[in-house]
Amino acid sequence: MKNVYLDNAATTRIREEVIRKMQGALADYYGNPSSTYGLGRTAKTAVETARKNIAKQLKAHPSEIIFTSGGTEADNMVLRSAVRDLGVETIITSKIEHHAVLHTSQALETEFGIALKYVDLDENGSPELSHLRELLQADDTKKLVSLMMVNNEIGNLLPLKEVAELCKANSALFHSDTVQAVGHYLLDVNEIPIDFMAASAHKFHGPKGVGFAFVRNNSGLKPMISGGGQERGLRAGTESVHNIVGLEEAFKIAYENLSDEQSYIEGLKKYFIDQLTEHIPGVFFNGFSKSLGKSTYTLVNIGLPVDDEKSKMLLFNLDMKGISCSKGSACQSGSDAGSHVLNEVLSKEEMKKTSLRFSFSSYNTTEELDYTINTLKQLIGI
């Protein structure tokens, strides 16, 4: 049986170079980075070198990179601390954000009584910037806007710089969950007046369980996890040195190869779209996922002309054929509630169809895509 992995938006295959770096770190950097003797200093140097290299790529200051366990923790850190420490009274977000942002914002509404407002979406699921401006100017409360750069289900791209400038012009803080963007797009925090970002290593061929938050210097945030003074005092706990080293290596390789890999993966996406359109009558594309200009090059979300009975077993049958993909985000793929993103974007009639997310990496091939399309044709009776 073939093994075709097309769920790279959920997680990615770890690079061999990253594994080797992490193995070396596990063997050699076993001192506590907070210790003052040689082994501790060696581990500390590895952590700080990683911080500096990541900051350099983002045009940030090293003190603005805070290592976390991943994107969810980074989102929570920013949103919760902004309300608790910075006096944010209104959070503006959208109904198609990752649950790390949505559920945290809803919890803050309950716990702290903040105002939670949702920006309108256009018919393709992109935030209406004219409505965002209205929300920003509606009252004098201190506001934080949280909108993701790349939607993890339909791939829509946010005009990050335009939104950041709009927030700055209206004295609002701006946070973006850039988990699907870091490692796949160039980002320059000198050019983009963004206050906070979240990233996760396993989305760009690094290890799970590690990521970082970009926190603009002098933000005023205070620690969400108290204890020692690690991570500039914002995140207590002994640093996971081998994971941080793995994050750094994956980050470095991603940006060294960015142009070539982006071109290759864009070719895969275009090929997949063309072949689906040719071979599966009635297929449709959710959000802007068919457009390479308005959607990320790494994924496509499709609707299939499948009846209810075949729909229930489609994902299972694809898995039995060795094909890994998703009906929604990986965080909710086992839920019967359906995709909260597609519920907001699709019509009632479209929601009756089966939607699947396919997401690509440089490890995929056109031969794998041909096999996937032929398998889909068999399973849906074409």
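A single member of 249, 266 is surrounded by 19 or more Cβ atoms within 10 Å (Cβ to Cβ), among the charged types (D, E, K, R) and in a helix (DSSP H, G or I), and it is 249.
Condition check for residue 263 on (1) of a type in the set (Ser, Thr, Tyr); (2) touching a residue at least 60 places away in the same chain (Cβ under 8 Å); (3) closer than 30 Å to residue 56 by Cα: one failure, at (2). Applying the criterion of at least 1 residues that are β-branched (Val, Ile, Thr) to the strands (runs of 3 or more DSSP E) found wholly in the stretch 95-183 leaves 143-146. None of 66, 114, 96 is aliphatic (A, V, I, L, M), farther than 15 Å from residue 176 by Cβ and under 21 Å from the mean Cα position of the chain (by Cα) except 66. Every condition in (1) at pLDDT 95 or above; (2) open to solvent by less than 70 Å² (accessible area, probe 1.4 Å); (3) not in a loop (DSSP other than H, G, I, E, B) holds for residue 367 except the one numbered (2).
Each row is one residue, and each column tells you yes or no for (1) surrounded by fewer than 18 Cβ atoms within 10 Å (Cβ to Cβ); (2) within 23 Å of the chain's Cα centre (by Cα); (3) part of a loop (DSSP other than H, G, I, E, B).
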{"site": "190", "(1), (2), (3)": "yes, yes, yes"}
{"site": "198", "(1), (2), (3)": "no, yes, no"}
{"site": "208", "(1), (2), (3)": "yes, yes, yes"}
{"site": "220", "(1), (2), (3)": "yes, no, yes"}
{"site": "229", "(1), (2), (3)": "yes, no, yes"}
{"site": "244", "(1), (2), (3)": "no, yes, no"}
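Flag set for residue 82, criterion: open to solvent by less than 30 Å² (accessible area, probe 1.4 Å), farther than 20 Å from residue 240 by Cβ, in contact with a strand residue (DSSP E or B) (Cβ under 8 Å, 6 or more places away or on another chain) and of a type outside the set (Val, Ile, Thr).
Within the set 90, 68, the sole residue that is modelled with pLDDT of 95 or more, open to solvent by less than 10 Å² (accessible area, probe 1.4 Å), out of contact with any helix residue (DSSP H, G or I) (no Cβ under 6 Å at 6 or more places or on another chain) and polar (S, T, N, Q) turns out to be 90.
Does the stretch 295-318 contain any residue that is at pLDDT below 90 and on the phi > 0 side of the Ramachandran plot? Within the stretch 295-318, none of the residues are at pLDDT below 90 and on the phi > 0 side of the Ramachandran plot. A Cβ distance below 8 Å, combined with a sequence gap of six or more or placement on separate chains, defines the contacts here; from the stretch 239-260, residues that are closer than 12 Å to residue 53 by Cα reach residues that are of a type in the set (Val, Ile, Thr) and open to solvent by 30 Å² or more (accessible area, probe 1.4 Å) in the pairs 248/49; 250/14. Restricting the stretch 345-363 to residues that are in a loop (DSSP other than H, G, I, E, B) and among the aromatic types (Phe, Trp, Tyr) leaves a set whose member that is farthest from residue 380 (Cα to Cα) is 363.
For first residues located in the stretch 112-127 and of a type in the set (Asp, Glu), partners that are outside any loop (DSSP other than H, G, I, E, B) and lie 6+ apart or on another chain with Cβ distances below 7 Å form the pairs 120/131.
The values are calculated or read from the model by the stated rules, or taken from the named source; none is laboratory data. Here the structure is a predicted model, which means the values were calculated and not measured. Because the Cβ atoms are built from the backbone with ideal geometry, glycine has one as well, and the counts that use them run over all protein chains shown. Note: accessible area is taken over every heavy atom of the protein model, side chains too, but ligands, DNA and RNA are not part of it. Shrake-Rupley method; radii C 1.70, N 1.55, O 1.52, S 1.80 Å.
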